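Notes follow the structure.
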Amino acid sequence: MQKISEWVRKLALVLLLMGALGMIISMFLGFADVVGTKFFNWPVPGTLEITESTMVLIVFGALAFTQSQRGHIRVEIFYTNRGPRTKAFMDAVTHLVAMAFFALVTWQGFDEALYSLEIGEATMGTIRFPLFPARLLLVVGCALLLVQLALDLIQNIRHMISGEAGAEQQTQTNFQ
């Protein structure tokens, strides 16, 4: 399981870095578009379309990495003063709900990606970009998140059985 976890973490990091690169590209394109429009009356063609597509990568590419770092938010008022088994149970329930939600998003996203590919869906604008790659990135990001959530769920079940505090629980108690 350790190897699978490491493999997922590396893939999540690759998606995160691709999203960071997409953000940098969008930032420079947006800057060039504003300067070109304001000072030279010549906008950069395709800026909106590229930015729209990279937003999918930026958001959905970071989900699995954030989960691997236990970086998603939680309501601490109910979580803080509980024992390790209760915390593991709460985390397990949260991961099950998240898995159900993102399984639906992955399933429907996959259907939409296939449909987009079948009909050759593209953006409407100066430059037509195909929408299939962005839809596929949404599916890949959500699928990777599902794998990470499953790994975390297994870890939570182990902590519920053993009564040991998980790594995120130990870190939290060190700050109190």
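Summary of computed values
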read-out: Filter pass, L136 being touching a strand residue (DSSP E or B) at 6+ places or on another chain (Cβ under 8 Å), within 30 Å of S26 (Cα to Cα) and surrounded by 15 or more Cβ atoms within 10 Å (Cβ to Cβ); value: no
read-out: Which numbered condition G109 fails, given (1) touching a residue at least 60 places away in the same chain (Cβ under 8 Å); (2) buried (at least 17 other Cβ atoms within 10 Å of the Cβ); value: (1)
read-out: Test result for E118, assigned to a helix (DSSP H, G or I), at pLDDT below 95 and among the acidic types (D, E); value: no
read-out: Helices (runs of 4 or more DSSP H) contained in region 8-106 and holding at least 3 residues more than 12 Å from the chain's Cα centre (by Cα); value: 47-61, 76-79
read-out: Answer from I24, I73 - the residue that is β-branched (V, I, T), more than 19 Å from G125 (Cβ to Cβ) and modelled with pLDDT of 95 or more; value: I24
read-out: Qualifying position, being assigned to a loop (DSSP other than H, G, I, E, B) and under 27 Å from A20 (Cβ atoms), among G109, G125; value: G125
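The values are calculated or read from the model by the stated rules, or taken from the named source; none is laboratory data. Please read all numbers here as calculations on a predicted model, not as lab measurements. Don't worry about glycine lacking a Cβ; one is built from the backbone with ideal geometry, like all the others, and counts go over all protein chains shown.
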